[in-house]
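Right, one structure below, let's go through it.
Derivation of every value follows stated rules applied to the coordinates shown; laboratory data play no part. Predicted, not measured: the structure shown is a model, and the values here were computed from it. As a convention, Cβ positions derive from the backbone with ideal geometry for all residues, glycine included, and neighbour counts pool all protein chains shown.
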């Protein structure tokens with residue numbers, strides 16, 4: 001049967017790689033005619049290292065504000081705090097230096113500014129919902145007042161999408177926000193600035209990027225573009241993660257990790273992911289589990305659950321990992337173990353008593369409902385959780 005589909009290109013103009021962030025940021029600001037630059041980062045990176053001050057040294061006469069109160073899983077209150085600071089500063093460019101938390105906080109704040117959302121409760125108006133049939137209902141949000149440039153310090157791939165997760169702390173639910181232009185206009189991949197990133201965070205977000213690639217290749221929307229980039233990205237990223245594990249000071253390995261992530265992220269918000277991402281959002285929003293770690297404990301279990309309907313795709317994954325004909329889920333699980341990362345839910349103190357509640361929340365997630373092997377009952381999610389325990 002002839003394939004049918006659409007690949008949506010993002011308004012991402014440039015990806016710079018291998019050059020110092022400070023040099024590229026100064027060039028970007030000049031080329032864009034920016035005169036009011038607002039900086040967003042994490043508190044730890046900004047206050048305990050020279051990474052932020054060093055990267056923005058060439059922008060000092062243009063800086064109008066700095067926000068470093070980003071919170072993991074992007075709670076609504078943190079977004080409101082950033083949106084308020086940006087509303088007051090009136091920037092014409094935002095520079096984000098950090099991991100997925102900081103980058104996603106900026107994305108959601110830009111959507112709030114575009115829609116003039118001023119309270120956490122009002123953020124319901126901009127979130128993606130899932131209808132009774134499992135189809136996403138996406139609000140139409142105007143263009144944001146400015147763009148962001150991202151200097152990522154983890155391998156989460158948040159910099160390569162216009163999709164962000166945001167947590168409603170009252171319900172413990174993590175929701176999606178997406179709009180044209182909230183993703184970065186330029187991305188700067190500087191391996192030197194990532195030296196401050198803790199090893200477990202670097203490696204676990206690398207597994208998150210592998211999750212992006214695997215669920216793209218196995219997606220109900222899989223297509224030639226994402227297959228090509230994700231499979232090549234998998235080979236590059238897995239080899240680089242192993243090199244990094246052996247020598248964290250190897251800048252070339254770090255850059256190869258970043259380049260692999262770029263390729264593995266080609267499916268983000270272009271094809272529908274599956275239950276590893278979807279249940280992972282629930283573990284993050286309800287229990288605070290970092291996204292990289294959710295992929296470590298869920299991806300192999302979801303791959304095995306989906307094998308009956310994704311066998312050809314999983315064979316392609318095994319081939320990309322250099323083991324023709326092998327069990328792809330087993331290869332991914334072995335990699336996670338070799339990197340010294342958790343592989344089971346029990347290692348996170350998550351047990352069967354919590355599974356039913358987590359399963360009910362998971363049914364509200366668009367990626368759970370888009371899983372290649374259909375999921376529309378809580379027991380199906382419980383089955384996956386039990387196999388991951």
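Points worth noting:
- Residues 321, 25 arranged by fewest to most Cβ contacts within 10 Å: 321, 25
- When the alpha carbon coordinates of the stretch 14-192 are projected onto the principal axes, the ranges are 50, 31, 29 Å, largest first.
- Straightening the chain between residue 386 and residue 23 buys 125.7 nm, computed as 0.36 nm per residue apart minus the Cα-Cα spacing.
- Sorted ascending by nearby beta carbons within 10 Å, beginning with the fewest, 90, 254, 369 become 90, 369, 254.
- Largest GNM mean-square fluctuation among 330, 100, 278, using the chain with Cα springs under 10 Å: 330.
- In the chain, the longest principal axis of the Cα atoms and the axis of helix 224-246 are about 80 degrees apart.
- Mean separation of Cα contacts under 8 Å, 6 or more apart, over the residue count of the chain: relative contact order %: 15
- Percentage relative contact order, the stretch 198-388, counting C-alpha pairs under 8 Å, at least six apart: 27
- Packing-based ranking, highest mean first, of 80-88, 347-355 given that Cβ atoms within 10 Å are counted: 80-88, 347-355
- Multiplying the residue separation of residue 90 and residue 170 by 0.36 nm and subtracting their alpha-carbon distance yields 25.8 nm.
- For the chain, the share of DSSP beta bridges that are antiparallel, to the nearest 5, is 25%.
- Rough spin-label spacing in nm, given labels placed 7 Å along Cα→Cβ, for residue 143 and residue 349: 4.9
- Extension gain, residue 196 to residue 124: 0.36 nm times the residue separation minus the Cα-Cα distance gives 22.4 nm.
- The order of the peptides 299-312, 183-196, 211-224, 118-131 by mean Cβ neighbours within 10 Å, most packed first, is 211-224, 183-196, 299-312, 118-131.
- Over the chain: helical MRE at 222 nm, DSSP H runs n ≥ 4 each giving -39500 (n - 2.57), nearest 500: -15000 deg cm²/dmol
- Per-residue Cβ neighbour counts within 10 Å put 293, 141, 279 in the sequence 141, 293, 279, beginning with the fewest.
- When both bridge partners sit in the stretch 14-192, DSSP labels roughly 25% of those beta bridges antiparallel.
- Folded to 0 to 90 degrees: helix 378-388 orientation relative to the chain principal axis, Cα: 90
- Taking every DSSP bridge with both residues inside the stretch 105-190, close to 80 percent are antiparallel.
- Rounded to 10°, Cα long-axis angle of helix 21-31 versus longest principal axis of the chain: 60
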